[in-house]
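Reviewing the structure listed below.
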Amino acid sequence: MEGAHPLILKRLAEINFDKNPGYGHDDYCTSAREKIARACNAPDARIHFLVGGTQTNAIVIDSILRHNEGVISPNTGHIFLHEAGAIEACGHRVLPMDCKEGKISAVALAQYLKEATSDAYGEEHVVVPKMVYISNPTEYGTIYTLSELYDIRKVCNRYNQMLYIDGARLGYALTAPDNDVTLPDMARLCDAFYIGGTKVGALFGEAVVILNKDIHMTKGSIKNRGGLLAKGWLLGIQFDTLFTDDLYMKIAKNGVDQAMRIRKAIEEKGYPIYLDSTTNQQFVVFEDSKVAELAKHVGFNFIEKVGANHSVVRFATSWATTDEQVDELISYL
């Protein structure tokens, strides 16, 4: 909901009249790629900058899959529910599977793949799953542990699946108090993932990290799908700034810290927590009368009804959320 971190705006203003080559061939993109590769401990990673999450998901998935292949997603996954059929528009079916609080388990994934890859009908007749999509954090603010990601990776290896992680809110997962996953861990375990900038301090932009050499995602394929920004340095300088002096992690931690303040106040005041999120999204159950009262003062999302007179709502903090804003919310609680 905010613009961008002041250091990004400062650097954009400083270079506003500089002349830069387009389409990501500038020094700022080069520097940002080097910094991200170092942060991931993945010197051979290929890194591309795109404008938004939907373009990123569609282009990455289309670069990986053949036309008769589909992508497995939790049934709460962004590509299944909230991207207007962008993946299907590329010619690939999203194959939803049941999940718990936004997360799929390795055991459930193995069972799903065992059934989906059986030869009951013959591969020539069905959409073949060749890719697993998950979000970290999930759409419910939950995070995957390192052991969970290892187990999912093992299942993907067993069934010859690519593993791709949507990191639209990645900074808020990496700075969660109970997180044990690092960027180098993700680089070891994924075939591809992206680092979200739009929701973590940038004006716009996502950084795709490609680890698997068999993924043929090029600037040509990105442009073919309408995702290549002509003024590419506007993306490069943002990620160069975010990955200088650990800024990305520092500002993401603010969003998590403020969310934990909200959660503590909610628990102290006796409202039920709907699920256990330790990231910047908090889901709470209120009586409908309280929801109506809060709506006069506070911005939040209605999620679903719980019984006749209660509802689940979501509060989301960000890198820019202030102590004063959280204090005001707590006063209304």
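FYI, it's all coordinate maths here, none of it is from the lab. These figures come from a predicted structure and were not determined experimentally. Glycine also receives a Cβ, built like all others from the backbone with ideal geometry; neighbour counts cover every protein chain displayed.
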Would you work out which of GLY255, ASN301, ALA265 lies farthest towards the positive end of the dipole of segment 249-328, given +1 charges on the beta-carbon of Lys and Arg and -1 on that of Asp and Glu, about the Cα centre?
-> GLY255
Mind checking segment 88-144 for GluC sites (Glu not before Pro) that DSSP puts in a loop (not H, G, I, E or B) and that have at most 16 other Cβ atoms within 10 Å?
-> GLU101
Relative contact order for segment 249-328, counting Cα pairs under 8 Å that sit 6 or more residues apart, in percent | 36 percent
Most exposed first by the Cβ proxy, i.e. fewest other Cβ within 10 Å, how do ARG158, ARG153 rank?
-> ARG158, ARG153
Inverse of mean 1/r across different Cα pairs in segment 6-244, Kirkwood, Å = 18.2 Å
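Please order TYR164, TYR23 by the number of other Cβ within 10 Å, starting at the fewest.
Arranged by neighbour count, lowest to highest, TYR164, TYR23 become TYR23, TYR164.
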GNM top mover of PHE302, PHE243, PHE80 - the chain, alpha-carbon springs below 10 Å = PHE302
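Placing unit charges on C-beta atoms (Lys and Arg positive, Asp and Glu negative, everything else neutral), compute the dipole magnitude of segment 164-222 about its Cα centre in debye, rounded to 20.
So the dipole magnitude of segment 164-222 works out to roughly 240 debye.
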Exposure proxy check on MET1, MET260: fewest-to-most Cβ neighbours within 10 Å is MET1, MET260
Taking the reciprocal of mean 1/r across every pair of different Cα atoms in segment 249-328, the Kirkwood radius in Å is 12.9 Å
Over segment 188-302, what relative contact order in percent results from Cα pairs under 8 Å that are six or more residues apart?
-> 16 percent
Relative contact order, percent, the chain [alpha-carbon distance under 8 Å, six or more residues apart] = 22 percent
Pairwise label distance in nanometres, ALA108 with ASP257, each label 7 Å out on the Cα-Cβ vector = 3.5 nm
Ordered by residue, what ³J(HN,Hα) values in Hz, to whole numbers, does segment 248-255 give under the Karplus form 6.51 cos²θ - 1.76 cosθ + 1.60, where θ = phi - 60° and Gly and Pro are x?
-> 4, 6, 5, 6, 5, 4, 4, x
Which listed pairs, of LYS103/LYS269; LYS10/LYS231; LYS199/LYS223; LYS114/LYS154; LYS199/LYS264, have C-alpha distances above 20 Å, in listed order | LYS103/LYS269; LYS199/LYS223; LYS199/LYS264
Which of the aspartates and glutamates could a cross-linker span from LYS19 if the Cα-Cα distance has to be under 13 Å and same-chain partners fewer than 8 positions apart are dropped?
-> ASP27
Taking the Cα centre of segment 249-328 as origin, sum charge times position over the Cβ atoms of Lys and Arg (+1) and Asp and Glu (-1), and report the length of that vector in debye to the nearest 20.
-> 200 debye
Cross-link partners among aspartates and glutamates for LYS130, C-alpha distance below 16 Å, same-chain residues fewer than 8 apart left out?
-> ASP62, GLU69, GLU88, GLU115, ASP119, ASP191, ASP214
Debye, to nearest 20: dipole size of the chain, +1 on Lys, Arg Cβ, -1 on Asp, Glu Cβ | 580 debye
Taking one equal scatterer on every alpha-carbon of segment 97-236, how large is log10 of I(q)/I(0) by Debye at q = 0.17 1/Å?
-> -1.03
